[in-house]
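The values are calculated or read from the model by the stated rules, or taken from the named source; none is laboratory data. Owing to the predicted nature of the structure, the values given are computational and were not obtained by experimental measurement. Cβ placement follows ideal geometry from the backbone for every residue including glycine, while neighbour counts extend to all protein chains displayed. These area figures cover heavy atoms from the full protein model, side chains too; ligands, DNA and RNA do not enter into them. Shrake-Rupley method; radii C 1.70, N 1.55, O 1.52, S 1.80 Å.
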Amino acid sequence: MPDKEEWAVEARGLKKTFGDNHAVNGVDLNVRAGTIYGVLGPNGAGKTTTIRMLATLLRPDAGTARIFGYDAVKEPQIVRQLIGVTGQYASVDESLSATENLIIFSRLLGLGRAEARRKAAELLEEFGLTEAAKRPLKNFSGGMRRRLDLAASLIAQPPLIFLDEPTTGLDPRTRAQMWETIRRLVKTGSTVLLTTQYLDEADQLADRIAVIDRGRVVAEGTVDELKASVGNSSLQLRVQNSEDIRNAREIVEQVLKVRSNVSAEAGKITAPMAEADRVTDLLIALRTGGIRLAEISVQKPTLDEVFLTITGHGVKENASPETEPSNAAEEMRV
Ligand SMILES: Nc1ncnc2c1ncn2[C@@H]1O[C@H](COP(=O)(O)OP(=O)(O)OP(=O)(O)O)[C@@H](O)[C@H]1O
Ligand SMILES: [Mg+2]
């Protein structure tokens, strides 16, 4: 394992076209070793395709990808020793149990019989899969599979781990558990590149984020930098009487001097604010205008608003698993 390499991932101008679909259309990514990097984007943005190119599973049409300095196209054997990709592991044999699958992996990685057994039990315990340990994989739920995937990637703990939507479809408790595990991976020396459609996940986990839309990186930075790019504060306001909403909007726009990009929906007004301090003037104006408020808050913009501002459309919160390429495991022949 090269320990002096500062960059876990350096991708330049990556492109992949399927037919006339420019799935990935010139993506640059730099991921510093020892960090969590989030790739955020809606369905079909090109996240999985990008990861598959970085992970040597798919040949780019153009551009270069270096993993710890090694070229993903020219030196795939070395690159494969440095990475783990979730999704490749847990389906070794559907008729075998979770324990058996983990033991096979451990043995393949060179662990002794007793150690493999111990490791498997330890990981299943940590991921709350002890009760299901003896069940064949074909009877596992989606969430259980994902947990087993991540557990399998912890056996080897490669320097760079790709997690493609690690928590999509998980219940909140399991999700929190995954986040903890991901943080622990990084604390113990790994680098994690994860994709997500969940803004709060990127917010919680990632040191830096690339927002990707229609095959291109449309924004990049730390969470705070991205949020700051759309203004310092965000106002949310609800009026008591819905007939006041027009008036209230006018006052908000006048006082905050924002254009009519005040969005009113179900009696709620949201608007960007340059300075949180302006809220004092606004409250006075609203009182003078005889408008009664039901609710008001001023907060930092959420990543949701960031995404909306940058791309002009929101992030769909529903993942559609059928867009996952199902042949990733087959193509990865190591
Ligand atoms: N093997 C393939 N053959 C043809 N088209 C593909 C293939 N893989 C991906 N695509 C297309 O490329 C585009 C990007 O897909 P990709 O899976 O990378 O998106 P994604 O960001 O991972 O989306 P999701 O959030 O739904 O997983 C989509 O339009 C998809 O239909
Ligand atoms: Mg995907």
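Scan segment 34-53 for residues that are under 16 Å from VAL24 (Cα atoms) and more than 12 Å from ligand 1 (Cβ to nearest atom) and the total you get is 0.
Checked against the criterion of being buried (at least 16 other Cβ atoms within 10 Å of the Cβ) and either among the aliphatic types (A, V, I, L, M) or not in a strand (DSSP E or B) (or both), the candidates GLY44, GLY34, GLY84, GLY63 yield just one match: GLY44.
For THR86, are the conditions met, namely being in the same structural domain as ALA202 (by TED's automatic domain parsing) and touching a helix residue (DSSP H, G or I) at 6+ places or on another chain (Cβ under 9 Å)? Here the answer is yes, as THR86 does meet what is asked. In the set (1) open to solvent by less than 40 Å² (accessible area, probe 1.4 Å); (2) part of a strand (DSSP E or B); (3) more than 16 Å from ligand 2 (Cβ to nearest atom), VAL218 fails one condition alone, (1). Within segment 291-322, the set of residues being part of a loop (DSSP other than H, G, I, E, B) and modelled with pLDDT under 70 comprises GLY312, HIS313, GLY314, VAL315, LYS316, GLU317, ASN318, ALA319, SER320. The sole residue among THR191, THR195 that is of a type in the set (Ser, Thr, Tyr), within 16 Å of ligand 2 (Cβ to nearest atom) and modelled with pLDDT of 90 or more is THR195. In this structure, does GLY34 turn out to be within 12 Å of ligand 2 (Cβ to nearest atom), on the phi > 0 side of the Ramachandran plot and in contact (Cβ under 8 Å) with a residue 12 or more places away in the chain? So GLY34 fails the test. Applying the set (1) within 16 Å of ligand 1 (Cβ to nearest atom); (2) more than 21 Å from the chain's Cα centre (by Cα); (3) open to solvent by less than 20 Å² (accessible area, probe 1.4 Å) to PHE18 leaves exactly one unmet item: (3). Selection of segment 235-268 for residues being at pLDDT 85 or above and part of a strand (DSSP E or B) yields LEU235, GLN236, LEU237, ARG238, VAL239.
So that you can scan it fast, the table gives a plain yes or no per residue for (1) over 25 Å from VAL79 (Cβ atoms); (2) touching a residue at least 12 places away in the same chain (Cβ under 8 Å); (3) open to solvent by 10 Å² or more (accessible area, probe 1.4 Å):
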| residue | (1), (2), (3) |
| --- | --- |
| GLY142 | yes, yes, yes |
| ALA151 | no, yes, no |
| PHE162 | no, yes, no |
| GLY169 | yes, yes, yes |
| VAL186 | no, yes, yes |
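If GLY231 satisfies all but one of (1) open to solvent by 30 Å² or more (accessible area, probe 1.4 Å); (2) modelled with pLDDT under 85; (3) out of contact with any Lys or Arg (no Cβ under 6 Å at 6 or more places or on another chain), what's the number of the condition it fails? Going through (1) open to solvent by 30 Å² or more (accessible area, probe 1.4 Å); (2) modelled with pLDDT under 85; (3) out of contact with any Lys or Arg (no Cβ under 6 Å at 6 or more places or on another chain) one by one, GLY231 breaks only (1). Filtering segment 156-168 to residues that are modelled with pLDDT under 85 and more than 16 Å from ligand 2 (Cβ to nearest atom) leaves ALA156, GLN157.
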